Amino acid sequence: MQLTKEEFKKRLERKLDNYFEEDVKSASNSDLYAAVSAIVRDGYTPQWRRIRIAETNQKQKQVYYFSIEFLPGTLLKSNLLNLGWLKTVREALADLHLDLDKIAAAEPDMALGNGGLGRLAAAFMDSLASTGYTGNGNGIRYKYGLFKQKFVNGYQKELPNDWLKKEDHWEVRRESKSVLVRFGGKVNMVDDNGWMTPQYEGERVVRAVPYDVAVVGYKDGLTNTLRLWDAEVPPEEELNYPTITDRRRVEDLTSILYPDDSNYEGRLLRLKQEYFFVSAGLQSILNYYTKDLDNKDLTKLPNYVAVHINDTHPAMAIAELMRLLVDEHRVDWDTAWNITQKVMSYTNHTIMAEAMEKWDVNMMSQLLPRIMQIITEIDRRFCVGLKGHVSDDVIERTRIIKNGQVQMAHLAIIGSHSINGVAALHTQLLETKVLKDFYNLYPDRFNNKTNGITLRRWLQIANPELSDLLDETIGKNWRNDSDEMLNFEKYYHDTKVLHKLSDIKLDNKKKLAKFIKERTGIVVDPTAIFDVQVKRLHAYKRQTLKLLHILKLYQDLKAGIDHPKRVVIFGAKAAPSYVFAKQVIKVINETANMINNDPDVNDKLKVIFLEDYDVSLAERIIPAADVSEQISTTTKEASGTSNMKLMANGALTVATMDGANIEIKDAVGEDNIFSFGLNKDQVYKYYAEHSYHPREMYENDAVMKKAVDALIDGTIPNCSAEGQALFNNFLGDNEQFLVLADFEAYLRAQAKIEQTWKQKRLWEQMSLVNIAHSERFDVDKTIERYAEDIWHLKKLEVEKADR
Ligand code: Z15
């Protein structure tokens, strides 16, 4: 039954009356948000229940995506879209003189992730439901999401993100599915009727309570579950937690999301978090398998269950499943190992050494004595198994425990049947460099799965005008079948369509300009080039290279050299403990201040660093971008996904040949992208030969010298210490990210951008080609490949959704 406008209005009145004793005229946006989201919940709840029953009846294999981060953003509009209600509800509200966008803005952003990795996990959830696979998310219900970023005097300050303050409208507490997770204590193995069984002494028991969030698939899709675990004192253990401090320690387990992206800190609390959600998730899977499915034969587990390990954070799942099988279900080791390997698969998201998790053996032994024993045994058997077959060097390099540390990536690889990278180049580097030894041992386990994005969110929700233009030109079916977006290329010579495209972009830029004015007080010209770099702040992503380009433009403008008008827009959070990243923020903010207030610049250049970049802000910025900055040091960005979102919205990419940028170039052709910079062989040559000498480059290139010197010669006010830090970094022989090596090539690419910008029609044509080819990065395609190659899933058969 499709919802009509009239029916919606009726339901809205009823909800407002029941919940708040308000009517549509008196209700606040946050009341309205609560009422509309309640209607949405009523809309999917019956199907959610039906799907769960169908799953159990059909006993189809299911995937459980284990991830320490999920970053869905807001859910109201996306749930409306997926239910097929978005248009009706928007119009019904408009009839009542209400604005859906304003109501939706009252929803706190569910920021239980840092960046690409968490956003990918959320996209996978949406896609599994939309493509019809039963996929479950397994993660942590952090009380505080990723910190809110503020700038004070140009410095980043972090504020807690208390997203649950107003209660979350999507989650359902499922106390009956609670399980117990054990930490610490001592373990003794005792013989129990011939089975060596652990006896625990003095361990602490924590109750894991799941909060389920419905994942509503698009149109006729499924309604799946994202299960997030919270930690509580078990009612039967109250006496063991007598003080408030004791209790708080339990609650603290799930209280904060570690704010580091691609950077590992060996904190005990983080290790606790990892084990907590892994153990809870696996226990609930086995409960379902043995009780709901009534299956006693655990050797068949791989026919029903796939567990995916998203980066190494959940890699303990391998040892924990072994523990549950061997200790609790009394499966012999070899059989259990066989089951485990078939169940587990692992995605690697980075080749950077500083992101590789290595846990201290002593720390792990104290916190998780039995898990440490099991990992030790896995490691021992791995070494024994290889002895004599490969050199001892290879064994030493690949074993799990080394120098008193547990190499989590090694555990993940050894215990899984599939290891994938997230873009073609990334997988190739894993195979030939970073994980070469493992690739030689297990070539069949390695495969590539290039990342994807939710086009539903980034086009249909974030850019409705462009979506309408696609409807008018290629018809509506691209909304169900992204392949059809390729037909948009047929309009390459269609002047009317090209004009419309540029009108839509201008419109989106006006909206962003208005937002920028509201947030910063700064007026920007919507006809300028909107040049966008949005992503975490990280040395390897090289916001610094953009900064040097800005300084060069500024110096040109001061010297009377003209450039097309440009607004550079940054969005980026730095990990609170990442000193260099924070220095970069300070210098960019001071540079922005200087340029935005310099009358000589005459509004030709503006630099806008928007605070608190998150999914919601991305939805405002990305549709308004002309230029997409994807300028990481080649080999360092595993894939990138903002590159895909920006492309889908018609931005032209300036790109190093890194990560998925290469595949974007393959898709659009080299004439439709501005590629530049060192290739991977040149990068590795610098590292191998220690031949990078940035000071020589700086001394021999007057333009570069002038831009770099601006950091230390007093040009930029109020940041001499930070400017000096950047300066020293750029000129050091061990500067790994090779910023100066790419400077000149980057300037050339930017000059080409300026040239192209002046050819309006060509620009629009390039933009059109980018939009058309973004179909290649539709996350549904990525998910189909995971489902087929790694998880071996079939689609659930359900009657067409009755919503
Ligand atoms: C993270 O966001 C990514 C990798 C990591 O190892 C961690 Cl800990 C966090 C990112 C990659 O940097 C990015 O290139 C990739 O697109 C994204 O994961 C999703 O695969």
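The values are calculated or read from the model by the stated rules, or taken from the named source; none is laboratory data. Model, not experiment: these values are computed from the prediction. Quick reminder, even Gly has a Cβ in these numbers, built from the backbone with ideal geometry, and neighbours come from all protein chains shown. These accessible areas exclude ligands, DNA and RNA; they are computed on the full protein's heavy atoms, side chains included. Shrake-Rupley method; radii C 1.70, N 1.55, O 1.52, S 1.80 Å.
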Original post:
Under the rule of -39500 (n - 2.57) per DSSP H run of 4 or more residues, summed and divided by the residues of the chain, what mean residue ellipticity at 222 nm is obtained, to the nearest 500 deg cm²/dmol?
Top reply: -13500 deg cm²/dmol
Original post:
Residues with amide H under 5 Å of residue 306's amide H, sequence separation 5 or more or different chain, H placed in the peptide plane at 1.01 Å from N; which?
Top reply: 62, 63, 64
Original post:
Which whole-Hz couplings ³J(HN,Hα) result when phi for each residue of segment 481-498 is put into the Karplus expression 6.51 cos²θ - 1.76 cosθ + 1.60, θ = phi - 60°, listed in order with x for Gly and Pro?
Top reply: 9, 5, 3, 5, 4, 4, 4, 4, 4, 5, 9, 4, 9, 8, 4, 4, 5, 4
Subject >> Test item: Cα-centred dipole of segment 455-777, Lys/Arg +1 and Asp/Glu -1 on Cβ, debye >> reply: 620 debye
Subject >> Sites matching GluC sites (Glu not before Pro) across segment 84-171 that sit in DSSP coil, with at most 12 neighbouring C-beta atoms within 10 Å >> reply: 167
**OP:** May I ask you to order 570-576, 104-110, 743-749 by the average number of other C-beta atoms within 10 Å around their residues, highest value first?
**Re:** 570-576, 104-110, 743-749
Original post:
residue 322: net charge of surrounding residues, Cβ under 14 Å, Lys/Arg +1, Asp/Glu -1, itself excluded?
Top reply: -1
**OP:** Find the centroid of the Cα atoms in segment 450-490 and in segment 106-166, then give the distance between the two in whole Å.
**Re:** 25 Å
**OP:** Towards the positive end of the charge dipole of segment 455-777, with charges on Cβ (+1 Lys, Arg; -1 Asp, Glu), say which of 729, 618, 692 has the farthest Cα.
**Re:** 618
**OP:** Using per-residue counts of other Cβ atoms within 10 Å, averaged over each peptide, order 587-599, 307-319, 444-456 from highest down.
**Re:** 307-319, 444-456, 587-599
**OP:** Please list, in chain and number order, the residues 5+ apart from residue 151 or on another chain whose amide H is under 5 Å from its amide H, with Hs placed from the backbone.
**Re:** 157
Subject >> Cut-off under 5 Å, modelled amide H: who pairs with residue 215 long-range >> reply: 224, 225, 226
Original post:
In the chain, what percentage of the DSSP-assigned beta bridges are antiparallel, given to the nearest 5?
Top reply: 45 percent
Original post:
Mind listing the phi-derived Karplus ³J(HN,Hα) values for segment 407-420, rounded to whole Hz, using 6.51, -1.76 and 1.60 with θ = phi - 60°, and x for any glycine or proline?
Top reply: 7, 5, 5, 5, 4, 4, 6, 5, x, 10, 8, 9, 10, 10
Subject >> For segment 253-263, Karplus couplings with θ = phi - 60° (6.51, -1.76, 1.60), whole Hz, Gly/Pro x >> reply: 3, 10, 7, 10, 7, 5, x, 9, 10, 6, 8
Subject >> Dipole magnitude of the chain about its Cα centre (Cβ charges: Lys, Arg +1; Asp, Glu -1), debye to nearest 20 >> reply: 560 debye
**OP:** With a 1.4 Å probe and every protein chain left in place, work out the accessible area per residue of segment 455-777 in Å², rounded to a whole number.
**Re:** 36 Å²
Original post:
Round to a whole number: what % of the accessible area of segment 669-769 belongs to carbon and sulfur, probe 1.4 Å?
Top reply: 48 percent
**OP:** Report, to two decimal places, the Cα Rg of segment 239-391 normalised by 2.2 N^0.38 Å (N = number of residues).
**Re:** 1.16
